[in-house]
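Working notes for the structure below.
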Amino acid sequence: MMADLEKRIAAWLDGRISEAESETLQQELRDSAEARAMFNSFAQLDAVLHEVADTEQVGAISKAGGSSISTPKPAMTRLAKAALALAAGIAIAVAAILYVQYGSANRDIARITGLNGGLIWIGNGGQIVQGPGSRQQPTRWSNVLNEDAELPGGTIEGTALDSWFELEFLDGSTAMIFGDSMLTFSDQGQKEVRLKQGRFSADVVPQPSGEPMLVHTPVADLTVVGTQFDVEAGPESTMLFVREGKVQIRRVSDGKTVDVTADHRVVVTADSDMLLWLVGPDRAWVQTPFWENRSTSGNQDSTATQETRDSDGTRNLLLSEEPTTLPAQDTGHIIRSGDVFDVGYVWRSDKWWAAQDQVAIKLFTTDNDLMSGTPTDFATLLSGTPTGDGAYQAGSGRTTATETEAGKKLFVAIDTQDGGGDLHGVARIDNFQLQVTPIHKSGLRRLDDFQLEGTPFSAPPPAPTAVIIIGGDVRNGNFNRL
Amino acid sequence: MKQFSKKKTLNDDERYEVFVRLLVEHEPRVRSFLRGLLPTWYDVEEVAQEASLIAWRKFDDFEQGTSFGGWLLTIARFEALKYRRRVARSPLVFAADVWDLLADEAAGEENLQIRRQHLEVCLEKLERTKRNLLLKVHTPGVVIREVAQQSGKSEEAFYKVIQRLRVILRDCVLTSIAVENS
């Protein structure tokens, strides 16, 4: 019996226990103090073995069992290991001691090329440095992160939705994080970054042979030789989109590996099939029927829709606070007084979208019923502020037309309302729907209401029903039509 | 001098040093405690990192002269509980009642502590090849299944060998602790 218990404990510690065995083990632990003592002793033994093994054979950033690093590197002392762990935010102050012993490890490896919003950098030596937009109370040791400052590696944490941080390594490779993200970066001859959570984009120049850039997330390890890619990481999933070149991604839990080539994306979770999805190329306004760019620039060749960062596996509209972009449509609908317009869509914030920024759906008419005419807005329907978790959220609004708009053509624009932030934010919209319900004011007679003399009165008119003006494939509400 | 570095006062240096020394002293206990609650070393590293950061941020609240180890362990237990909620769907994660039992007992003062010096003595008693094999499968980043596949043995046979070595080592360590206590 004891041997069976030992076997189950070992299987649990090695991460290879079956669900049934786990249930049995848990029952044994519930029932028996002796079993718990045994479990505790093996867990402690595992921890100390791990510590000893870690000291004798260690990589640049220590990784847990199941990671991709399978070629241990030369031994380092525990303190040295702790110094590197510090860079990952593990033991902030250990490096203060090690700074003297391992000064060479403290060389600058990258330069800040841009930053915004609440940021905290934790680096070797235990400095806690906040960005200029940080809302947190500065500590006594705080200073301010600046553009062009050089860093020796460490952990950068975005603390607000509008936080972003751009870094350039000595070889010209660049990396960015956005929003509520945490990234640890190091370069001891081989770039290694660890995205604990959030969004990360990189443009990596070709790396030396045998020393690819390594990117670790909670569920996957990426090997990058030289390419452009975006990663979104959460505690249970990682999404990788490769814009150029090729990236190898490996699921930590079972070692399953796939090569992701340009214009493909893959989602890794514990039970995903890790299939590659082809992400179609960007489409310009001229390739996007019904919609046009009504901004002052009127540039119809700029990007209108993309397949990346989608809501449902299909194309979405790229919305920007840039004044050069304003998606709009001539709906063809002639407004009648009392028309009730309902708008619905899904949207998510993206790069540089600030916490108070909102999507603003504008319904308007023009002085000559042409898109090129002088516009008059009669309704602005705001989305509300973003959740900031990278998920799509619903937006909706309703307005009623008055006599002022009656008889004119309806136009709709998907605009933004700037709530702050230094840069023009980006958001994504999908599945836009605009419908009208003709509810007419009593006392105002329409042609349909007149009866021809001698004809019997018809039955009372049916309750008004909504008619979709834009939605799904109708007038390209899903942005997928070509 | 870098724009972002700031000359620290002597008091700050002292404060760093106090924290460093306390952390280095007590971190192994925390990791050992977490290992008995969290299913993978990845989880342990995550929570240990978070606990260390929080301890640093709250270091002003720590009352000098009281038990830093106990304080750090409390933070680690709380962080582990938060982490557990995120990974609770995994079959490797213990049910809440089992978790509480294990956490209570592992955090207790009376709980015996296997320390590195115990282990090193016992490791030296193993044959060199067995010692190296055992350390290899416990090296961070090494996947035990891959080592098993490379060993030329069946996975089942390989796990049995490793488990036998663990039992020998555990018995040796417990004996040396008992001798030490007597």
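Could you please find all residues in the range A:341-368 being part of a loop (DSSP other than H, G, I, E, B) and not hydrophobic (A, V, I, L, M, F, W, C)?
Initial filter on the range A:341-368 (part of a loop (DSSP other than H, G, I, E, B)): A:350-357, A:367-368.
Within the range A:341-368, A:Asp350, A:Lys351, A:Gln356, A:Asp357, A:Asp367, A:Asn368 meet the criteria.
Out of A:Lys191, A:Lys196, A:Lys246, report the one residue that is more than 14 Å from chain B (Cβ to nearest Cβ), surrounded by fewer than 23 Cβ atoms within 10 Å (Cβ to Cβ) and either farther than 21 Å from A:Pro386 by Cα or free of Cβ contacts under 8 Å to residues at least 60 places away in the same chain (or both). Working first, answer last.
Numbers: A:Lys191 fails: surrounded by fewer than 23 Cβ atoms within 10 Å (Cβ to Cβ); A:Lys196 fails: more than 14 Å from chain B (Cβ to nearest Cβ).
The conditions single out A:Lys246.
Please enumerate the residues belonging to the range B:18-42 that are hydrophobic (A, V, I, L, M, F, W, C), part of a helix (DSSP H, G or I) and either over 21 Å from A:Ala37 (Cα atoms) or more than 9 Å from chain A (Cβ to nearest Cβ) (or both).
Filtering the range B:18-42 down to residues hydrophobic (A, V, I, L, M, F, W, C) leaves B:18-20, B:22-24, B:30, B:33-34, B:37-38, B:41.
Restricting the remaining residues to those that are part of a helix (DSSP H, G or I) gives B:18-20, B:22-24, B:30, B:33-34, B:41.
Residues satisfying the conditions are B:Val18, B:Phe19, B:Val20, B:Leu22, B:Leu23, B:Val24, B:Val30.
Which count do you get for residues in the range A:287-334 that are of a type in the set (A, V, I, L, M, F, W, C), buried (at least 22 other Cβ atoms within 10 Å of the Cβ) and not in a strand (DSSP E or B)?
1
Considering only the range A:341-357, how many residues are at pLDDT below 95, farther than 21 Å from A:Asn299 by Cβ and of a type outside the set (Phe, Trp, Tyr)?
Quick first cut of the range A:341-357, residues at pLDDT below 95 only: A:348-357.
Within this subset, residues satisfying the condition of being farther than 21 Å from A:Asn299 by Cβ are A:348-349, A:353-357.
In the following step, the residues that additionally are of a type outside the set (Phe, Trp, Tyr) were identified as A:348-349, A:354-357.
So the answer is 6.
Exactly one of these conditions fails for A:Ser68: (1) touching a Gly at 6+ places or on another chain (Cβ under 8 Å); (2) at pLDDT 85 or above. Give me its number.
(2)
For the range B:47-57: of the residues being more than 7 Å from chain A (Cβ to nearest Cβ) and surrounded by 24 or more Cβ atoms within 10 Å (Cβ to Cβ), which is nearest to B:Pro140 (Cα to Cα)? I'd like the intermediate steps shown before the answer.
Of the range B:47-57, the ones more than 7 Å from chain A (Cβ to nearest Cβ) are B:47, B:50-51, B:54-55, B:57.
Now drop any that are not surrounded by 24 or more Cβ atoms within 10 Å (Cβ to Cβ), which leaves B:47, B:51, B:55.
Numbers: B:Val47: 16, B:Ala51: 20, B:Ala55: 24 Å.
By that ranking, first place goes to B:Val47.
Testing A:Val215 on (1) more than 28 Å from A:Gly425 (Cα to Cα); (2) modelled with pLDDT of 90 or more; (3) of a type in the set (A, V, I, L, M), one condition comes back false. Which one is that?
(1)
Considering the range B:89-107 alone, what residues qualify as being under 18 Å from B:Leu73 (Cβ atoms) and within 10 Å of chain A (Cβ to nearest Cβ)?
Pass one, the range B:89-107, residues under 18 Å from B:Leu73 (Cβ atoms): B:99-107.
Hits for the range B:89-107 are B:Trp99, B:Leu101, B:Leu102, B:Asp104, B:Glu105, B:Ala106.
Is the range A:273-285 home to any residue that is over 23 Å from A:Asp230 (Cα atoms) and either part of a loop (DSSP other than H, G, I, E, B) or modelled with pLDDT of 90 or more (or both)? It would help to see each step written out before you state the result.
We begin by selecting, within the range A:273-285, every residue over 23 Å from A:Asp230 (Cα atoms); these are A:285.
When the remaining residues are screened for being either part of a loop (DSSP other than H, G, I, E, B) or modelled with pLDDT of 90 or more (or both), the result is A:285.
The answer is yes, given that some residue of the range A:273-285 is over 23 Å from A:Asp230 (Cα atoms) and either part of a loop (DSSP other than H, G, I, E, B) or modelled with pLDDT of 90 or more (or both).
Starting from the range A:148-169, take each residue that is within 14 Å of chain B (Cβ to nearest Cβ) and on the phi > 0 side of the Ramachandran plot and list its partners that are part of a strand (DSSP E or B) and charged (D, E, K, R), counting only C-beta distances under 8 angstrom and pairs at least six apart or across chains.
The qualifying pairs are A:Asp148/A:Arg111; A:Gly153/A:Asp187.
Could you list, in sequence order, all residues of the range B:59-101 that are farther than 25 Å from B:Arg21 by Cβ and touching a Leu at 6+ places or on another chain (Cβ under 6 Å)? Before you say what the answer is, go through the steps one by one.
Keep residues of the range B:59-101 that are farther than 25 Å from B:Arg21 by Cβ, which gives B:81-101.
Once the filter is applied, which keeps residues that are farther than 25 Å from B:Arg21 by Cβ and touching a Leu at 6+ places or on another chain (Cβ under 6 Å), the range B:59-101 yields only B:Val98.
Looking only at the range A:7-47, count every residue that is crowded, with 19+ Cβ neighbours inside 10 Å, among the acidic types (Asp, Glu) and at the interface with chain B (Cβ under 7 Å from one of its Cβ atoms) and tell me the total.
Count: 2.
Tell me, which residue of the range A:369-385 that is aliphatic (A, V, I, L, M) and in a loop (DSSP other than H, G, I, E, B) is surrounded by the fewest Cβ atoms within 10 Å (Cβ to Cβ)?
Top of the filtered list is A:Leu370.
Counting only residues that are assigned to a loop (DSSP other than H, G, I, E, B) and farther than 11 Å from A:His50 by Cα, how many does the range B:126-141 have? Let's see the steps before the verdict.
Residues of the range B:126-141 assigned to a loop (DSSP other than H, G, I, E, B): B:126-127, B:138-141.
Within this subset, residues satisfying the condition of being farther than 11 Å from A:His50 by Cα are B:126-127.
Result for the range B:126-141: 2.
Residues in the range B:64-82: is at least one part of a helix (DSSP H, G or I), facing another protein chain (nearest Cβ under 10 Å), crowded, with 17+ Cβ neighbours inside 10 Å and in contact (Cβ under 8 Å) with a residue 12 or more places away in the chain?
Within the range B:64-82, none of the residues are part of a helix (DSSP H, G or I), facing another protein chain (nearest Cβ under 10 Å), crowded, with 17+ Cβ neighbours inside 10 Å and in contact (Cβ under 8 Å) with a residue 12 or more places away in the chain.
Residue under question is A:Ser320, and the condition is that it be under 19 Å from the mean Cα position of the chain (by Cα), polar (S, T, N, Q) and either in the same structural domain as A:Thr238 (by TED's automatic domain parsing) or on the phi > 0 side of the Ramachandran plot (or both); does it hold? Walk me through how you get there before you give the answer.
Details: under 19 Å from the mean Cα position of the chain (by Cα): yes; polar (S, T, N, Q): yes; either in the same structural domain as A:Thr238 (by TED's automatic domain parsing) or on the phi > 0 side of the Ramachandran plot (or both): no.
Spelling it out, it is not the case that A:Ser320 is under 19 Å from the mean Cα position of the chain (by Cα), polar (S, T, N, Q) and either in the same structural domain as A:Thr238 (by TED's automatic domain parsing) or on the phi > 0 side of the Ramachandran plot (or both).
What do you reckon, is A:Gly338 over 31 Å from the mean Cα position of the chain (by Cα) and free of Cβ contacts under 8 Å to residues at least 40 places away in the same chain? Give the steps one after another, and end with the answer.
On the way: over 31 Å from the mean Cα position of the chain (by Cα): yes; free of Cβ contacts under 8 Å to residues at least 40 places away in the same chain: no.
Against the criterion (over 31 Å from the mean Cα position of the chain (by Cα) and free of Cβ contacts under 8 Å to residues at least 40 places away in the same chain), A:Gly338 does not qualify.
Has the range A:229-239 got any residue that is free of Cβ contacts under 8 Å to residues at least 40 places away in the same chain and farther than 27 Å from A:Gly118 by Cβ?
Scanning the range A:229-239, I find no residue that is free of Cβ contacts under 8 Å to residues at least 40 places away in the same chain and farther than 27 Å from A:Gly118 by Cβ, so the answer is no.
Could you tell me which numbered condition B:Arg86 fails, if it satisfies all but one of (1) over 16 Å from the mean Cα position of the chain (by Cα); (2) more than 11 Å from chain A (Cβ to nearest Cβ); (3) not aromatic (Phe, Trp, Tyr)?
(2)
Looking at B:Val44, B:Val30 in this structure, which one is outside the structural domain of B:Val142 (by TED's automatic domain parsing) and closer than 12 Å to B:Arg77 by Cβ? Full working, then the answer.
On the way: B:Val44 fails: closer than 12 Å to B:Arg77 by Cβ.
Answer to the selection: B:Val30.
Given (1) over 21 Å from the mean Cα position of the chain (by Cα); (2) in contact (Cβ under 8 Å) with a residue 24 or more places away in the chain, where does B:Glu155 come up short, assuming only one miss?
For B:Glu155, the failing item is (2).
The values are calculated or read from the model by the stated rules, or taken from the named source; none is laboratory data. Quantities reported herein were computed from a predicted structural model and do not represent experimental measurements. Note: ideal-geometry Cβ built from the backbone for every residue, glycine included; neighbour counts use all protein chains shown.
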